[in-house]
1. Using 1/(1 + (r/R0)^6) with R0 = 25 angstrom and r between the beta carbons of residue 11 and residue 98, what's the FRET efficiency to the nearest 0.05?
2. Using a 1.4 Å probe, how large is the accessible area of residue 63, given in Å² and rounded to the nearest 10?
3. In sequence order, what are the phi-derived ³J(HN,Hα) couplings for the range 103-110 according to the Karplus relation 6.51 cos²θ - 1.76 cosθ + 1.60 with θ = phi - 60°, rounded to whole Hz, with x for glycine and proline?
4. Residue 264: net charge of surrounding residues, Cβ under 12 Å, Lys/Arg +1, Asp/Glu -1, itself excluded?
5. Only Lys, Arg, Asp and Glu count, each charged at its Cβ (+1, +1, -1, -1), so figure out the dipole size of the range 164-259 about its Cα centre, rounded to 20 debye.
6. In the chain, if the dipole is taken from +1 on Lys/Arg beta carbons and -1 on Asp/Glu beta carbons about the Cα centre, which of 210, 63, 81 is farthest to the positive end?
7. Can you give the local net charge around residue 23? Use residues other than it whose beta-carbon is closer than 14 angstrom to its beta-carbon, Lys and Arg +1, Asp and Glu -1.
8. For the chain, with every protein chain kept in place, what is the accessible area per residue (1.4 Å probe, Å²)?
Amino acid sequence: MDWGMIDRYAKSLIKEAGHRIRLSFAREIHIDTKADANDLVTDIDREIEQFFISRIRRDFPDHRILGEEGFGDQVESSEGVIWILDPIDGTMNFVHQKRNFAISLGIYADGAGMLGYIYDVMADDFYHAFRDGGAYRNDERLPQLEPTPLNEAIIGVNASWVCPNRYVDHERIARLVNECRGTRSYGSAAIELAHVAAGRLDAYMSMRLAPWDIAGGSVIVGEVGAVTTDLRGMENDMITKGTFIAARPGLHETILKDYIDLKI
Ligand code: 2AM
Ligand code: CA
């Protein structure tokens, strides 16, 4: 497999998709809801996913595609090469803020993350990584992450997990919020993972993420030494939805051991 060629191809595809998204602001965007009233999708999400899929199918016919909007393949096993795509991660931000959304793509071979990309379209920040080749922001290599104690850590966590919910003991999350240095929430898992990779967040966690939210970012944060698992400490399989944490080493163990009590 010529991963260098696939890397160049993927980068140019993502840049072109970003251009298409920026152009879409001149049009009227149609907004639908999916699972619930706050689970948004637009015609742009669908168009961008279809753009990726038509190109990938034409140029890599033996690869499979797992995309959020469902135009790709029915992926139930991790064999072969799989492109795991979220055409717009942070759709609510896309609709309400017209910023703080990203294209997220991970390319996996037999379950191993080979290439990862996060493109923060409006900031024009492009993060990428290749397995054992380091992580980069706009072609500048990102340094390895050093351990940080919890009382000096900024944690990316959505405020909804501090409210009673059916996934996790919210009182422990409230204690985590009190005992860390600060919390942030950006509304796009991909952008939060880019922040972890660049050392601007020390951890990011969510109880409800899909493979396309984390596939690209997991490769990127892994290259700078962050630990990524589900909230039981097991490896995420990139096929099923579940819980997720990415954190500096040490901090990862502290959060899982002392602050997470899953109900699911
Ligand atoms: P999206 O914008 O592509 O839907 C928001 O906190 C983050 O969680 C975003 O990355 C968002 O991705 C993701 N997200 C929101 N609802 C989700 C769900 N039901 N399942 C998986 N991921 C979800
Ligand atoms: Ca999405």
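1. 0.55
2. Residue 63 has an accessible surface of roughly 20 Å² with all protein chains in place.
3. Computed from phi, the couplings for the range 103-110 are 8, 10, 9, x, 10, 10, 10, 6 Hz.
4. Net charge around residue 264: +2.
5. Charge dipole, the range 164-259, about its Cα centre: 240 debye, nearest 20.
6. Farthest towards the positive pole: 210.
7. Net of charged neighbours comes to +1.
8. Per residue, the chain has an accessible area of 46 Å².
The values are calculated or read from the model by the stated rules, or taken from the named source; none is laboratory data. Since the structure is predicted, the reported quantities are computational estimates derived from the model, not experimental observations. Don't worry about glycine lacking a Cβ; one is built from the backbone with ideal geometry, like all the others, and counts go over all protein chains shown. Just so you know, the surface numbers come from the protein's heavy atoms only, side chains and all, with ligands and any DNA or RNA stripped out. Shrake-Rupley method; radii C 1.70, N 1.55, O 1.52, S 1.80 Å.
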